[in-house]
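Here's the structure, in structure tokens; my notes come after.
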Amino acid sequence: MDPNYQHLYDALSKVEGYIYPNEIGLNWGILIVLYPYITGLVAGAFILASLNRVFKVKALRPIYEISLLTSFSFLCVATMPLIAHLGQPLRFYEMMITPHLTSAMAIFAFVYLWYLMAVLLLEIWFDYRKDMVIWSGEKKGVLRLIYKVLTLGVYDTSPKSVAVDERLGYIITVVGIPSAFLLHGYVGFIFGSLKANPWWSSVIMPVVFLFSAMVSGIALVLFIYMIISWIRKQKLDMKCLDSIGKFLFYILIFDFVLELLDTVHRVYTAEESFDIISILMTKLFFTLTIGQLLLGTFIPLLVLGYFQFSKPKDAIRKASYFIISILVLGGIFCMRWNVVIGGQLFSKSFMGFTTYKARLLGAEGLLSSIVIMIIPCLILAALLWLLPPWKKKNMEAY
Amino acid sequence: MPQQVTRLLIVFAVFIGMFLVAAAFLKPASFGEYGHYRGNAIKEIAAKEIKFVDRKSCANCHNDNSDALAGAEHALINCQTCHGPGYKHNQWFEQNKSRFMRQDPASGIWTVDTILVRAAKDIPEEYKLLKPNERDACLKCHAINAARREKVVRQIDVTDHYDVKKKCVECHPPHAPNS
């Protein structure tokens with residue numbers, strides 16, 4: 001065959017039914033799946049921290065710092081999938097120096113920066129300031145210098161100044177809750193406002209994204225807390241675990257009901273796009289039915305629901321929480337996958353499908369996605385080493 | 001004001017200041033010239049090598065082919081879809097018009113003079129266009145494919161369409177395939 005047309009045949013072998021030429025290859029690949037996934041983890045972990053700080057859920061105290069640091073570590077890489085996806089990655093900063101105020105996509109840099117600088121960094125700083133002053137006195141050499149720089153030269157640890165830290169930290173957490181909603185609601189908004197795509201275009205999208213964000217963030221902190229305790233050979237605080245489990249249960253119900261509402265609405269109104277969407281849902285069997293619904297929602301709901309009424313032995317609960325955290329994390333990943341990839345698999349002519357196969361190499365490949373998911377874990381490890389929550393002097397506060 | 005607040009305000013002020021300075025330096029020079037983008041982007045794109053021409057300009061010299069095409073089934077297809085990008089071809093032959101072409105004194109229309117063309121041995125390869133008379137060239141559009149609608153393009157079974165050893169153009173003149 002003429003090599004000039006070979007690619008055309010290859011491309012056409014991937015499609016089914018009728019599809020417009022620009023729909024054969026997906027424009028948004030696995031990186032764009034990671035982007036809402038990571039920002040969701042950030043927002044969810046932060047909201048879990050604020051449950052302790054603002055809503056005074058005492059049982060969650062042991063994971064307050066861990067949630068904040070987790071949130072921060074993942075926020076550090078939240079922009080990476082987007083930048084790697086750009087056609088001109090080295091020009092990403094132009095988005096900030098030439099702000100486009102009426103483009104929802106262009107404004108992300110500012111939403112992001114607000115959340116990073118004005119919320120997370122400040123909250124962590126106020127929370128750790130006193131400890132950093134103390135540690136800078138105890139440590140030597142480079143570490144001492146690092147702590148000194150981090151305190152920004154404020155060495156006052158008098159009760160009065162610590163009280164100021166506390167009050168400001170509280171205010172920032174209060175501001176942080178709507179900010180976390182903004183950050184992730186925004187991501188849902190981006191998808192929900194794409195009116196050309198019936199699978200995405202829905203007003204409920206930001207809310208669904210927000211609740212799934214909380215679900216995944218809570219599951220992540222649960223997972224990380226158990227791993228850290230295991231590495232440090234510390235006993236897990238069962239009250240804390242049960243409490244996380246309880247919140248995970250409630251929010252998972254909310255999330256599930258919202259998605260159900262969305263689905264029921266689609267089925268009942270049965271708009272012109274309904275036929276193709278119902279076929280799409282059968283095509284997403286592994287990620288939707290198995291991954292998102294069965295493993296990511298039903299099993300966790302059943303187990304967590306059972307724990308609300310009866311408490312089996314600690315060891316069983318521990319193991320269940322651990323498995324559930326992994327299931328939920330996988331389930332929410334599948335949910336992002338179904339939204340982002342699923343939404344591009346069907347033709348806007350409503351008459352055909354294309355297929356998606358992630359490449360292994362390249363900026364948008366599987367490998368770079370794995371790297372992007374590993375980096376925040378390394379950042380978190382470094383942060384936990386630099387700012388160990390278990391060495392803090394005010395563990396009883398809040 | 002508490003000490004940590006003043007310190008933070010200073011740090012933030014420095015940060016914002018640095019941002020503004022960096023923004024002033026990094027902002028592309030031609031930004032905003034016409035709208036919310038780099039004005040130079042347009043010039044850069046305009047400076048790119050041109051590859052295609054409009055279909056009318058082919059008719060200036062090949063009016064017999066374009067007439068054949070106009071009334072036939074392939075009328076909606078651009079010449080360059082089959083023959084490849086024609087800008088260089090156009091330019092070169094426009095410059096060497098008098099060597100290969102004759103003007104009809106009455107109507108002023110130029111036509112290719114095959115005798116002059118055959119005599120010329122020095123037409124550089126890069127200015128020639130494709131003559132896609134192989135079966136594959138037609139089949140990229142006409143082979144059976146479920147993703148294509150029969151209403152838009154008539155499709156044939158390659159293995160079972162009359163004489164499978166012959167080129168399509170032996171039975172279908174490419175510009176007016178059903179004549």
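The values are calculated or read from the model by the stated rules, or taken from the named source; none is laboratory data. Quick caveat, the model's predicted, so the values are computed rather than measured. When we count neighbours, we look across all protein chains shown, and the Cβ atoms used for this are built from the backbone with ideal geometry, even at glycine. Surface areas here come from the heavy atoms of the whole protein model, side chains and all, with no ligands, DNA or RNA. Shrake-Rupley method; radii C 1.70, N 1.55, O 1.52, S 1.80 Å.
Observations, loosely collected:
- Residues that are part of a helix (DSSP H, G or I) and small (Gly, Ala, Ser) were ranked within the range A:44-82; the one that is nearest to A:Gly188 (Cα to Cα) is A:Gly44.
- The single condition among (1) touching a residue at least 24 places away in the same chain (Cβ under 8 Å); (2) within 14 Å of chain B (Cβ to nearest Cβ); (3) of a type outside the set (Ser, Thr, Tyr) that A:Phe110 does not satisfy is (1).
- Pair list, Cβ under 6 Å, 6 or more apart: the range B:128-154 residue under 17 Å from B:Lys166 (Cα atoms) and not assigned by TED's automatic domain parsing to the domain that holds B:Val117, other residue open to solvent by less than 60 Å² (accessible area, probe 1.4 Å) and part of a loop (DSSP other than H, G, I, E, B): B:Asp136/A:Asp2; B:His142/B:Gln155
- None of A:Leu150, A:Leu145 is modelled with pLDDT of 90 or more, over 30 Å from A:Ile32 (Cβ atoms), open to solvent by 20 Å² or more (accessible area, probe 1.4 Å) and within 14 Å of chain B (Cβ to nearest Cβ) except A:Leu150.
- Residue within the range A:61-78 that is within 13 Å of another protein chain (Cβ to nearest Cβ), open to solvent by 20 Å² or more (accessible area, probe 1.4 Å) and in contact with a Leu (Cβ under 6 Å, 6 or more places away or on another chain) present: no
- Among residues of the range B:1-23 that are among the β-branched types (Val, Ile, Thr), those with a Cβ under 7 angstrom from a residue that is surrounded by 13 or more Cβ atoms within 10 Å (Cβ to Cβ), sequence gap 6+ or separate chain, pair up as B:Val11/A:Leu152.
- Enumeration of residues in the range B:84-97 that are within 15 Å of B:Asn60 (Cβ to Cβ) and touching a residue at least 40 places away in the same chain (Cβ under 8 Å): B:Gly86, B:His89
- Spans of helices (runs of 4 or more DSSP H) in the range B:52-136 with at least 3 residues open to solvent by less than 40 Å² (accessible area, probe 1.4 Å): B:55-59, B:63-70, B:87-95
- Residue that is most open to solvent (accessible area, probe 1.4 Å), among those in the range B:39-51 that are in a helix (DSSP H, G or I) and among the small types (Gly, Ala, Ser): B:Ala46
- Only a single item in (1) of a type in the set (S, T, N, Q); (2) assigned to a helix (DSSP H, G or I); (3) within 14 Å of another protein chain (Cβ to nearest Cβ) is not met by A:Ser349, and it is number (2).
- Residues (more than 11 Å from every other protein chain (Cβ to nearest Cβ), open to solvent by 80 Å² or more (accessible area, probe 1.4 Å) and in a loop (DSSP other than H, G, I, E, B)) located in the range B:4-33: B:Ala29, B:Glu33
- Verdict on A:Ile47 being of a type in the set (A, V, I, L, M, F, W, C), within 14 Å of another protein chain (Cβ to nearest Cβ) and either touching a Phe, Trp or Tyr at 6+ places or on another chain (Cβ under 9 Å) or surrounded by fewer than 22 Cβ atoms within 10 Å (Cβ to Cβ) (or both): no
- Failed item, numbered, when A:Ser201 is tested on (1) in contact (Cβ under 8 Å) with a residue 24 or more places away in the chain; (2) open to solvent by 10 Å² or more (accessible area, probe 1.4 Å): (1)
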